[in-house]
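What follows draws every value from the coordinates through simple rules; no lab data is involved. Everything numeric here is computed off the predicted structure, so don't read it as measured data. A quick note on method: Cβ atoms are made from the backbone with ideal geometry, for glycine too, and the neighbour counts reach across all protein chains shown.
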Amino acid sequence: MKYRGLLFANLFRKKTRLVLTLGSFAVALFLFSLLALIKHAFSANVDVAGVDRLVVINRTAIIQPLPISYRDRILRIPGVKRVTYDNWFGGVYQDPKNAFSQFAIDAENQRQVFHELVVPDDQWQAFLKDRQGAIVGATTAKRFGWKIGQRIPIQGTIFPGTWEFNIDGIYTGQRSGDDQTQFWFHWDYLYERAKNVLQGNVGWYTVLIDNPDDAVRIVKTIDDEFANSPYETHTDTEKAFATGFAKQLGNIGFLVIAIGTIVFFTLLLVTGNTMAISVRERIGELAVLKALGYSDRFVMLLVLAEAMLVAAVGGGLGLLTAAGFAMLLAATPMHNFIPFSTLSASAALTGLGLTLLFGAASGFLPALGGLRLRVIDALRRV
Amino acid sequence: MVRVDGAGRNSSLINVRGLDKKYQRGGEEIHVLQGLNLDVEAGEFVAFMGPSGSGKTTLLNLLGGLDVPSAGSITVAGDEITSMSRGRLTEWRARHVGFVFQMYNLIPVLTAFQNVELPLLLTKLSKGDRRKHVETALALVGLQDRMHHYPRQLSGGQEQRVTIARAIVSDPTFLLCDEPTGDLDRKSADEVMALILRLVKEYKKTVLMVTHDPVVAQRANTTLHLEKGALVEAGAAEVAMSGGSR
């Protein structure tokens, strides 16, 4: 601690340069954190996808329907525990920009199949009794300020008209990556008003199986069951389904991450060079310290401590800014499409570790070069 | 008593025997010091003179443990520094040598107080004790009222006095002064020399000083000239230059 004065005096030698160097590290770490958030957002659904669930869609495209009669046929396949079905609704609340995911669900099986999305029993019972009832994710409820018992209008886009719903419950995810933005209502209510459009069809099925090890067999059995029919199926595990969906966005994610990574490392290299220059400028002073009796090791540690302190403070500022930014993003409508989460501890630690490594490298190399100079040579430069 | 014939007492503060220093420059070997001998008793004030390139600063660097000789030995207060490792030499410098440089070499971002405190940070002294030592050293050089000034806020003479305070604050065995007045006007140079003389007379400090200035050299007890890599006393040098012998 007695060397603190020496350490800080050197740091504040050129305040403008210090601020710019701190700023560079902060921007680099902010960028790194943003990349981590984007990467996490693109893979969030994949990470939380159930290993014991299969998704059955129309072989032609997910937007093509499947007959509701398939439900019982799928249920008869050995190893299948439960089957539920959904339809995408595609409505908006009050304003077209207030888009979010709405699903007409099979109320009888939804809770058992998507067991990680929890609805309190009393709220679920109220929903079952209410034909116009709806269950909404905690994030969306918070976004629009909806309360249980509230009646809300949703403007249909695929199924035109104003649809009124009663908020009977709010679900929450048990895991940090669970999607809490969905809006569920009774499929029966949708069918009642859009029978002519649906014509006995549903959007897709989600199948809960007894044993994930049986997934390959069951997938094949389901698709074989409906082969050569007017509605052939394409079945996959939920994880593979989510991965395939993420890949469509993934190309954009890859580009963003690739460009961002290059910018991140460029920033760090520029910052490292600035720090190296600042050390080289005072080789003479380091030589004086050695002449006074300071060891080679001390001088090296002093330079390293300066570099790493700047890196840590700058990097810390960048992380804090990114964490704040992530919270802001999570509160925007964009969150419904790209589920930004809070910055994970591992991403923050990795970023900070990288920054400290660069800080150390930028300080270590010039310090090493300076230390190799003999004191008398270095003093002659002064 | 200062001797340059190698016949001094082994108990002298500084014993230099057969000191050689060679440099390689552009494939050419330059023999700066050749079989140099020197004995300096404690409390002496010795000035080294000689033309540029004669090896004065090289000798000072060798005596201060900043450089290693090609051959020969240097013993200070019984410690043969020419056989010490780099690490031990660094520790030895901290305990035994006070440096005063021509260009002051103060750390510009530290105050006068912090600059003078630098050698004491290497000791086990408490913060309070360090403060007392620094205040005493700065009072001795007449700068106690400037202790919180930065080097850029001081005149050249004042900066050099801070350097002297830094050199004496840890009470080293001897002071090495390389052209201490070389960058100062006459008035400031006189003040600095008066201070060095006071350190010798009142505090019995041993001072070895390199200078180009004969007026400054006259203030020393003994003036030695570097001639062809060896030391000769001032009188002898004059005789040698006129072709006679002493």
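Some points to look at:
- Residue, farthest from the other protein chains (Cβ to nearest Cβ), within the range B:87-135, restricted to residues that are small (G, A, S) and more than 30 Å from B:D185 (Cβ to Cβ): B:G128
- Selected residue (criterion: farthest from B:T163 (Cα to Cα)) from residues of the range A:291-306 that are touching a Pro at 6+ places or on another chain (Cβ under 9 Å) and either in a helix (DSSP H, G or I) or more than 14 Å from chain B (Cβ to nearest Cβ) (or both): A:V303
- Which listed residue, of A:F159, A:F185, is in contact (Cβ under 8 Å) with a residue 24 or more places away in the chain and surrounded by 21 or more Cβ atoms within 10 Å (Cβ to Cβ): A:F185
- Residue within the range B:128-140 that is buried (at least 23 other Cβ atoms within 10 Å of the Cβ) and in contact with a strand residue (DSSP E or B) (Cβ under 8 Å, 6 or more places away or on another chain) present: no
- Selection from the range B:39-95 of residues that are crowded, with 22+ Cβ neighbours inside 10 Å and basic (K, R): B:K56, B:R93
- Residues of the range A:59-69 satisfying the condition of being closer than 16 Å to A:V83 by Cβ and either surrounded by fewer than 18 Cβ atoms within 10 Å (Cβ to Cβ) or not aliphatic (A, V, I, L, M) (or both): A:P65, A:P67, A:I68, A:S69
- Residue check for A:V288: away from chain B (no Cβ under 14 Å), on the phi < 0 side of the Ramachandran plot, β-branched (V, I, T) and surrounded by 22 or more Cβ atoms within 10 Å (Cβ to Cβ): no
- Residue match in the range B:64-71 (condition: more than 10 Å from chain A (Cβ to nearest Cβ), part of a strand (DSSP E or B), farther than 19 Å from B:S170 by Cβ and touching a helix residue (DSSP H, G or I) at 6+ places or on another chain (Cβ under 8 Å)): no
- Subset of the range B:42-63 (residues that are part of a loop (DSSP other than H, G, I, E, B) and more than 15 Å from B:P172 (Cα to Cα)): B:G50, B:P51, B:S52, B:G53, B:S54, B:G55
Per-residue answers, yes or no, for (1) part of a helix (DSSP H, G or I); (2) within 14 Å of chain A (Cβ to nearest Cβ); (3) buried (at least 20 other Cβ atoms within 10 Å of the Cβ):
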residue	(1), (2), (3)
B:R161	yes, no, yes
B:A165	yes, yes, yes
B:S170	no, yes, yes
B:C177	no, yes, yes
B:P180	no, no, yes
B:D183	no, yes, no
B:A189	yes, no, yes
